[in-house]
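Below is one structure, written out as structure tokens, with a few remarks after it.
Nothing in this text is a laboratory measurement; each read-out follows from the coordinates by a stated rule. Note that the structure is a prediction, hence the values are computed from the model and not measured. Glycine also receives a Cβ, built like all others from the backbone with ideal geometry; neighbour counts cover every protein chain displayed.
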Amino acid sequence: MINSILYKLRLKKRPDTDFERSDILNALPLRNQLIEWEVDDKGEASLIIPQKHKLWIRAVAKIFRLPNKRVVVLDDIGSYVWQLCDGHSSISQVVKQLQGKYRMTRKEAETSLFTFMRQLGKRGMVGFAVPKKTKGGKK
């Protein structure tokens, strides 16, 4: 009973995850398939995100003719990273590609990429496929 109330109030903690740094670096970022996107001639990606509204918000949106989609425009680096979120490139591979293309140090590339990926993940724009560990601790 209490768990269901906490869950509804979104106060319940997420399940404990014991990811190590190596697990994160081996994770494969995947774009949300519901998001349409296109790259313009400047190299900026425009993400067209469908809005999920509750019933009463949908009614208000119809009255005020609010759009049912939201557009997010990414800068050059964000667009480059977005295109690499294809499920084939791991986070460590994206870090290496950022280092090479934008002349970043490894720490700069990791820090900015982790922050960007965290934002995309929280907004449901990307998901992450994390390889399973075997009993010996190896993948």
Please compute the Cα-Cα pair-distance distribution of segment 25-103 with 10 Å bins starting at 0, giving whole percents from short to long. 17, 36, 27, 14, 6, 0
When you count, for each residue, the other Cβ atoms within 10 Å and take the mean per peptide, how do 106-114, 68-76 rank with the highest first? 106-114, 68-76
